[in-house]
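Chemist: Right, I'll just put the structure down here and ask away after.
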Amino acid sequence: MRSNSRYCIWITDKNKEEAVKTPFIAERIERCRIFRSKGGVVARQHVHVAYRFRTQPHQETQSIIFPKTTSSRREYVPAGFLDKDTIISEKALATYGAGPYMFGILSSRMHMIWLSITSSRMRNDYQYSVQLTYNTFPFPEITKAQKTTLEDHVFKVLDEREQHSEKTMAELYDPDKMPEGLRQAHQEMDLAVEQCYRSRPFKSDEERLEYLFKLYEEMLQKEVK
């Protein structure tokens with residue numbers, strides 16, 4: 001969110017033997033092993049794999065990243081694209097291998113509204129839950145043409161961001177500082193997302209939420225059947 005890059009030593013079962021040949025890496029692995037051996041139950045369970053992260057959700061493909069915690073003041077969830085060589089920290093979430101149109105869905109007003117009622121809270125921030133928010137978000141099956149339309153809007157949003165490349169994501173998505181061109185691009189993308197639900201525009205967030213709950217109930221009924 002604040003454009004800070006961090007670095008890690010990423011070792012998998014596949015490249016472990018090659019990695020430990022480097023003295024510096026071998027020494028770091030040993031330090032991790034000792035640290036975990038003195039830790040709690042979960043840490044001790046991973047002593048034998050001290051060469052790797054405790055969890056490894058990373059996949060060798062492009063991903064869409066979004067923050068695990070986001071301010072309730074924001075109008076949209078700030079999302080971004082990452083290449084296959086970038087590892088995300090525990091403060092972010094990612095969906096792997098999704099088409100660019102998914103960026104539009106995750107960045108939409110509809111998704112933000114769903115997040116606001118399905119996530120937990122930390123002070124004034126939303127804590128994104130994959131199980132409660134991502135996996136339950138009602139979204140209809142869409143056509144290839146609709147996906148293309150969404151992707152066109154996604155690229156417009158990215159173009160607007162590029163016009164303000166000196167700003168961090170936190171600044172771009174601060175509702176008091178958000179560039180008007182970026183806000184307009186998002187609003188146009190919102191309309192494209194909402195037209196995937198129905199042709200008639202929504203009049204309010206309350207109407208959007210009511211429609212989402214209706215779809216969610218239909219989803220549950222299908223699962224029961």
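None of the figures in this text is laboratory data; all of them are computed from the coordinates on show. Being a predicted model, the structure only gives us computed values, none of them experimental. Heads up, the Cβs are rebuilt from the backbone with ideal geometry, glycines too, and the neighbour counts pull from every protein chain shown.
Chemist: Give me the aspartates and glutamates in straight-line cross-link reach of LYS177: C-alpha distance below 16 Å, same-chain residues under 8 apart excluded.
Modeler: Cross-link targets: GLU75, GLU160, GLU162, GLU166.
Chemist: Can you return the lysines within cross-link range of LYS144? Criterion is Cα-Cα under 26 Å, with same-chain partners fewer than 8 residues away left out.
Modeler: By straight Cα distance, LYS144 reaches LYS84, LYS156, LYS214, LYS222.
Chemist: Give me P(r) over the chain, computed from all C-alpha to C-alpha distances, binned every 5 Å, as integer percentages.
Modeler: With a bin width of 5 Å, the distribution comes to 1, 6, 12, 15, 17, 15, 11, 8, 7, 6, 3, 1, 0.
Chemist: Another one. May I ask you to derive the relative contact order of the stretch 1-56, considering only C-alpha pairs under 8 Å and at least 6 residues apart, and to give it as an integer percent? Could the numbers behind the result be given before it?
Modeler: Details: 34 pairs, mean separation 19.0, N = 56.
RCO, the stretch 1-56: 34 percent.
Chemist: Moving on. Can you give the relative contact order of the chain as a percent, counting alpha carbon pairs under 8 Å and 6+ residues apart?
Modeler: Numbers: 244 pairs, mean separation 40.9, N = 225.
In percent, rounded to a whole number, it is 18.
Chemist: Please list, in order along the stretch 120-127, the HN-Hα scalar couplings obtained from phi with the Karplus expression 6.51 cos²θ - 1.76 cosθ + 1.60 (θ = phi - 60°), rounded to whole Hz, x for Gly and Pro.
Modeler: 8, 10, 10, 6, 9, 10, 8, 9
Chemist: Also, quick follow-up: Would you mind checking the stretch 58-74 for residues with the amide N under 11 Å from a putative spin-label position 7 Å along Cα→C-beta of SER89?
Modeler: Under cut-off, by backbone N: nothing.
Chemist: Right, next: If you stretched the chain out fully between ASP152 and MET219, how much longer would it get, using 0.36 nm times the residue separation minus the C-alpha to C-alpha distance? Please report the intermediate quantities before stating the final value.
Modeler: Details: separation 67, 0.36 × 67 = 24.12 nm, distance 2.86 nm.
Separation in residues times 0.36 nm, less the Cα-Cα distance, equals 21.3 nm.
Chemist: Next question, about the same structure. When the C-alpha atoms of the stretch 1-56 are aligned to their principal axes, what extent does each axis show, in angstrom, from largest down?
Modeler: Reported extents, whole Å, longest axis first: 34, 28, 19.
Chemist: In vacuum, with every alpha carbon of the stretch 1-101 counted as one equal point scatterer, what does the Debye formula give for log10 I(q)/I(0) at q = 0.09, 0.18, 0.21 Å⁻¹? Two decimals, please.
Modeler: With one equal scatterer per Cα and no solvent, log10 I(q)/I(0) is -0.31, -0.98, -1.13.
Chemist: Using Cα atoms only, what is the angle between the long axis of helix 205-224 and the major principal axis of the chain, expressed in degrees (0 to 90) to the nearest 10?
Modeler: Result, in degrees: 70.
Chemist: Modelling each spin label as a point 7 Å along the Cα-to-Cβ direction, I'd like the ALA145/THR22 distance in nm, to one decimal.
Modeler: Going from the ALA145 label point to the THR22 one covers 5.2 nm.
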